[in-house]
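Inspection log for the structure reproduced underneath, given as structure tokens.
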Amino acid sequence: MKRLLIYGVAPVLLCLQVAYLGFFGLLFALSGPGTAEIDHTDPSPVAHALFNGLLLAFVLLAAGGAVLLGSAAVRARVPGGVRAVWLAALGVTEVVVAVSFATTALRESLGPDSLVAVVAVTACAVIALVCAGEVRGTLRAARPVPPLA
């Protein structure tokens, strides 16, 4: 069961996160200006670039994590230290995303967005726990074994 969670479910959840971001990014890019845009000023170019950069970094981190967790061949070729750092960064990012979804949902009234937040927080928690377990396992394997006396 643990192997299925680590090498089956977590990569699928990561792929679904990337697809979710891609779908809504495409949806917002193709939609015309809404009434909310009329009432608000445009964000600064620096803020827009920073947001896009963070979004791209998350997508690359999640896609790389999905490959590391889902492919035994890639996992075997990547050094343990690189794998541990990558998955640790992904786990921390997932915790940040989960907290963001949770705080947003708690500020809003109960509705369909609350269901999306519950699903997102659950998915992020599963991914973060899998990453923590993999990092822990990698660090344990790298620890030198004390000599027997």
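The requirement of being out of contact with any Lys or Arg (no Cβ under 9 Å at 6 or more places or on another chain), within 23 Å of L139 (Cβ to Cβ) and aromatic (F, W, Y) is fulfilled nowhere in region 89-108; no residue meets it.
Residues checked against (1) closer than 17 Å to L21 by Cβ; (2) assigned to a helix (DSSP H, G or I); (3) at pLDDT 90 or above:
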{"residue": "R75", "(1), (2), (3)": "no, yes, no"}
{"residue": "L90", "(1), (2), (3)": "yes, yes, yes"}
{"residue": "E94", "(1), (2), (3)": "yes, yes, yes"}
{"residue": "S109", "(1), (2), (3)": "no, no, no"}
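Consider only pairs whose beta carbons are under 7 Å apart and that are at least six residues apart or on different chains; among these, list those whose first residue lies in region 125-149 and is more than 30 Å from S100 (Cβ to Cβ) and whose second residue is of a type outside the set (S, T, Y). From region 125-149, the pairs are A141/G80; A142/G80.
Listed conditions (1) more than 18 Å from C15 (Cβ to Cβ); (2) touching a residue at least 24 places away in the same chain (Cβ under 8 Å); (3) of a type in the set (D, E, K, R) are all met by R77, apart from (2). So, A123, is that one surrounded by 15 or more Cβ atoms within 10 Å (Cβ to Cβ) and either of a type in the set (G, A, S) or over 29 Å from R143 (Cα atoms) (or both) or not? Yes.
The values are calculated or read from the model by the stated rules, or taken from the named source; none is laboratory data. Since we're looking at a predicted model, the values are computed, not measured. Because the Cβ atoms are built from the backbone with ideal geometry, glycine has one as well, and the counts that use them run over all protein chains shown.
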